Amino acid sequence: MPDAPLLGSFEQIVLLAVARLGADAYGMRVRRDLSERTGRDVNIGAVYATLSRMEAKGLVGVAESAGGSDRGGRMRKTYHLLPAGVAALRSAHRTAAAMWDGIDPDRLEEYVGG
């Protein structure tokens, strides 16, 4: 199996939100989850651009459902992980764990040079 694609940090947290939200992984809900968990204001345009890019890479799939009266009849796109997205997240997790090995996050000041 080829190596999983490398994820940027924003791609990684968007994929994690999609995984966490399951059937509720639509753009605005992903944005809200990211904002709540990171404490940062996340631009909805960045979320949609990232989801679109990850769809093109084969990391997420999209399903469209009919919009209700609360959406004025507009379709809603929901996103779900594809096997390549799962592999990319697993690879990112392994890489981060390997890089943190031997580093105590509570003692990072010890690594400051100068």
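Taken together, the values in this text are just the output of simple stated rules run on the coordinates, not laboratory data. Owing to the predicted nature of the structure, the values given are computational and were not obtained by experimental measurement. As a convention, Cβ positions derive from the backbone with ideal geometry for all residues, glycine included, and neighbour counts pool all protein chains shown.
Of all the options Ile103, Ile44, Ile13, the one that moves most in a Gaussian network model of the chain with Cα springs shorter than 10 angstrom is Ile103.
Report the residue, chosen from Thr38, Thr50, Thr78, that carries the largest GNM mean-square fluctuation when the chain is represented by alpha-carbon nodes joined by springs under 10 Å. Answer for the Gaussian network model of the chain: Thr38. Helix 9-21 and the longest principal axis of the C-alpha atoms of the chain enclose an angle of approximately 50°. The ranking of Tyr26, Tyr111, Tyr79 by Cβ neighbour count inside 10 Å, starting from the fewest, reads Tyr111, Tyr26, Tyr79. Relative contact order of the range 9-96: 31 percent, from C-alpha pairs under 8 Å at least 6 residues apart in sequence. For the range 32-48, 3J(HN,Hα) computed residue by residue from phi via the Karplus equation (6.51, -1.76, 1.60; θ = phi - 60°) reads 4, 4, 4, 4, 5, 7, 9, x, 10, 6, 9, 6, 4, x, 5, 5, 5 Hz, glycine and proline entered as x. Couplings 3J(HN,Hα) for the range 93-100, derived from phi with the Karplus relation 6.51 cos²θ - 1.76 cosθ + 1.60 (θ = phi - 60°), are 5, 4, 5, 4, 4, 5, 6, 7 Hz, where x marks Gly and Pro.
Between amide H atoms placed 1.01 Å from N, distances below 5 Å from Val60 occur with Glu55, Leu82, all of them 5 or more places distant or on a separate chain. Under the convention that each Lys and Arg Cβ holds +1 and each Asp and Glu Cβ holds -1, the size of the dipole of the chain around its Cα centre is about 620 debye. Given the choices (1) -0.56, -0.74, -1.09; (2) -0.30, -0.49, -1.22; (3) -0.44, -0.66, -1.15, log10 I(q)/I(0) by the Debye sum over Cα atoms at q = 0.11, 0.14, 0.21 Å⁻¹ derived from the coordinates of this structure is entry (3). The residue among Met75, Ile103, Ser9 whose Cα reaches farthest toward the positive pole of the charge dipole of the chain, with charges on the beta-carbon of Lys, Arg, Asp and Glu, is Met75.
So what is the 222 nm mean residue ellipticity for the chain from helices alone, if each DSSP H run of at least 4 adds -39500 (n - 2.57) and you divide by all residues, rounding to the nearest 500 deg cm²/dmol?
-16000 deg cm²/dmol
Amide H to amide H, with H built 1.01 Å from N, Tyr26 comes under 5 Å of Tyr79, counting only residues 5 or more places away or on other chains.
Taken one residue at a time, the phi angles of the range 49-59 give Karplus couplings (6.51, -1.76, 1.60, θ = phi - 60°) of 5, 5, 4, 5, 5, 6, 5, 5, 7, x, 8 Hz. Gly and Pro are set to x.
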